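Please read the structure below before turning to the comments.
The values are calculated or read from the model by the stated rules, or taken from the named source; none is laboratory data. Nothing here was measured: the structure is a model prediction, and the numbers come from that model. Here Cβ is always computed from backbone atoms with ideal geometry, including for glycine, and neighbour counts include all displayed protein chains. These area figures cover heavy atoms from the full protein model, side chains too; ligands, DNA and RNA do not enter into them. Shrake-Rupley method; radii C 1.70, N 1.55, O 1.52, S 1.80 Å.
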Amino acid sequence: SLHNTLGDLYWMVGRVKEAIECHEISKQIAIQFDIKDFEILSLFNIGLCQIDLGEIKKVCKVFELVISLSESAEFYIYAVDSYCCLSFVYSCLGYTQKAYYFAKKVESELSITGWSIWSRGYSLVFLGLTYKNLGDIEKSFDMFRQAIAFAEESHYTQVKGKALDGLAQLYRINEEFTTALSHHSESMKL
């Protein structure tokens with residue numbers, strides 16, 4: 001648990017390689033003592049770090065493994081979080097059908113209870129990024145706006161910052177540069 005938390009903190013401040021090292025240690029301890037939820041969580045967090053490092057092809061296998069380990073109802077939320085990440089990753093790789101498939105799976109689960117604040121906020125951010133990559137700008141706007149509303153309601157500053165950055169990207173695509181710059185500036189302040 002301590003290694004996992006330290007890994008999260010490293011990730012939040014941009015020290016991604018150190019974060020991966022901590023999550024790897026957490027995973028090894030979890031495997032050694034057969035603590036399935038920390039094994040799955042550590043793998044998932046390693047996948048998030050790999051996304052930040054741009055290791056897009058490598059990360060697919062990580063999230064697919066998380067999904068296979070999360071088959072029971074007890075760990076299902078990790079599978080849903082992984083669907084969300086895979087929708088984004090596949091949209092980056094140009095696998096349109098797979099990206100839409102996983103995005104739809106996540107959207108069908110948005111109403112379930114038991115989501116953590118992280119899962120709810122970041123699912124909307126990743127869906128916004130996915131739809132941006134797929135060229136569905138209106139759907140992307142909708143996801144980022146939902147993420148901002150959720151972030152304001154739950155006081156999740158990091159999600160709001162990421163969603164504002166996503167909106168700025170969309171405004172830049174639409175050549176609304178003043179609005180894009182304003183959103184980027186607000187995102188950086190957060």
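For the range 18-44, the candidate set comprises residues that are open to solvent by 40 Å² or more (accessible area, probe 1.4 Å), in a helix (DSSP H, G or I) and without any contact (Cβ under 8 Å) to a residue 24 or more places away in the chain; within that set, the residue that is farthest from Thr157 (Cα to Cα) is Gln32. With respect to (1) in a helix (DSSP H, G or I); (2) at pLDDT below 95, the lone exception for Tyr10 is condition (2).
Restricting Gly14, Gly7 to residues that are among the small types (Gly, Ala, Ser) and on the phi > 0 side of the Ramachandran plot narrows the list to Gly14.
Yes/no matrix, rows are residues, columns are (1) without any contact (Cβ under 8 Å) to a residue 12 or more places away in the chain; (2) crowded, with 24+ Cβ neighbours inside 10 Å; (3) under 27 Å from Val13 (Cα atoms); (4) within 13 Å of the chain's Cα centre (by Cα):
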| site | (1), (2), (3), (4) |
| --- | --- |
| Tyr95 | yes, no, no, no |
| Ala103 | no, yes, no, yes |
| Glu107 | no, no, no, no |
| Ile112 | no, no, no, no |
| Lys132 | no, no, yes, no |
| Gln158 | no, no, yes, yes |
| Leu167 | no, yes, yes, no |
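Leu48 meets the stated requirement of being closer than 19 Å to Phe126 by Cβ and touching a residue at least 24 places away in the same chain (Cβ under 8 Å). When residues in the range 26-39 are screened for being closer than 18 Å to Leu53 by Cβ and of a type in the set (A, V, I, L, M, F, W, C), 0 of them pass.
Of the candidates Asp52, Asp8, Asp81, Asp34, the single residue that is out of contact with any helix residue (DSSP H, G or I) (no Cβ under 9 Å at 6 or more places or on another chain) and not hydroxyl-bearing (Ser, Thr, Tyr) is Asp34.
Applying the condition of being without any contact (Cβ under 8 Å) to a residue 24 or more places away in the chain and part of a loop (DSSP other than H, G, I, E, B) to the range 57-77 and asking which residue is least open to solvent (accessible area, probe 1.4 Å) yields Ser72. Based on this model, can you work out whether Val13 counts as under 20 Å from Val125 (Cβ atoms), open to solvent by less than 20 Å² (accessible area, probe 1.4 Å) and among the aliphatic types (A, V, I, L, M)? Considered against the rule, which asks whether it is under 20 Å from Val125 (Cβ atoms), open to solvent by less than 20 Å² (accessible area, probe 1.4 Å) and among the aliphatic types (A, V, I, L, M), Val13 comes out as no.
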